[in-house]
Amino acid sequence: MAERQASPQEQVSDLPILPTILVELLSIPLDDKDYFNKIEKLAERDPPLALKIIQLSNTAKQAAVKPIRSIKDAIVRMGTKEVFNLINLVALTKVFVPTSQFEKQLWHQSLISAELLKTTYDVLLRSVITADMAYLVGLLHDIDITLNHKLYAKYFESLDDLTWYLPKPYEKHRIAYLQRQHAFNGAKICKTWHIPSPIPEIIYFHHHDHLPDKFKQFMPLLETIRRVQFCDLATQVYCKHQALEVDVLNELIASNEILFSWQNQHANFAQLLNQLPTAISLAEEKYRLLAI
């Protein structure tokens, strides 16, 4: 008898070890007086990683001024938060090396989501995490699908519509159910890796339309979750149409009363929409420089 293969909702695979540099990076307090030097030393300790960070630092925007040639240059020019983001990005892609087209697609989408999520912090206020932690949420929010890509591929590779984003009882929609399951597994993975709160909690709820009552009083947490959902949807629209079709995105938001209500809470939402193409262009440039 053939052995039954575990389904995505039943399995969280044996986890690879989180890169030491990432663990150490997350352990440095943001108010550490020596934060700048610690970030620099961490990045330089791994020469190949440092080289890739320098390459990623030289996006068209930065290189147009003067090429960045060292980690210190990168920190001075872009700030510790952006270098923090690049260390996370490079360290994670070194561990989870994508080989199949589906895996590469997952990293492509995660990178775009991370850049979009970071952009929301340039425009919108109120959240429980900083912009650099938001970037990490973007990179990790689909980590269970990345780790168990062979199990999920058959469900997501041929997905050609976004109707599963509309609020409905998830038991009645196979894809919506799997999205919730991977979010649950992703939160477990992050906790196993000791990723600091509230990142696991945000990942856990990022496919929930309604939060339990005990969480509703924490408005900054709810705001952050809605941002992740919005950026996830914007990423899917962009990848499906090979362009950020704002009309399509607005139509989907209007059909989702949860996101529609969230959108209406922000008077500067149009400003955010205007900044999304720039964030996507930066994500595409980083993805190209990663050469994965």
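The values are calculated or read from the model by the stated rules, or taken from the named source; none is laboratory data. Nothing here was measured: the structure is a model prediction, and the numbers come from that model. In this analysis, Cβ positions are derived from the backbone assuming ideal geometry, glycine residues included, and neighbour counts consider all displayed protein chains. Only protein heavy atoms, including side chains, enter the accessible area calculation; ligands, DNA and RNA are left aside. Shrake-Rupley method; radii C 1.70, N 1.55, O 1.52, S 1.80 Å.
Structural remarks
- Note on the range 185-288: lysine pairs with Cα distance below 24 Å, sequence gap of 8 or more or different chains, count 5.
- Taken over the C-alpha atoms, the chain has Rg and Dmax values of 18.8, 65 angstrom.
- Taken about its Cα centre, the chain carries a charge dipole of about 480 debye when Lys and Arg each add +1 at the Cβ and Asp and Glu each add -1 at the Cβ.
- Sites Lys214 and Lys66, calculated FRET efficiency, Cβ-Cβ separation with R0 41 Å, nearest 0.05: 0.20
- Here the Karplus curve 6.51 cos²θ - 1.76 cosθ + 1.60, taken at θ = phi - 60°, turns the phi angles of the range 98-107 into couplings of x, 10, 7, 4, 5, 5, 5, 4, 4, 5 Hz, with x standing for Gly and Pro.
- Computed on protein heavy atoms with a 1.4 Å probe, the accessible areas place Lys240, Lys41, Lys33, Lys286 in the order Lys33, Lys41, Lys240, Lys286, largest first.
- Using the average count of surrounding beta-carbon atoms within 10 Å as a protection proxy, the listed peptides 88-96, 249-257 rank, highest first, as 88-96, 249-257.
- Whole-Hz ³J(HN,Hα) from phi, Karplus 6.51 cos²θ - 1.76 cosθ + 1.60, for the range 40-47, glycine and proline x: 4, 5, 4, 5, 6, 5, 10, x
- Cα→Cβ-extended label distance, 7 Å offset, between Gln55 and Thr99, nm: 2.1
- Furthest towards positive pole of dipole, Val248, Asn85, Phe218, structure part the chain, Cβ charges: Asn85
- Between Gln242 and Asp32, the C-beta separation translates, for a Förster distance of 45 Å, into a calculated FRET efficiency of about 0.60.
- Euclidean distance of C-alpha centroids, the range 221-292 and the range 112-157, integer Å: 12
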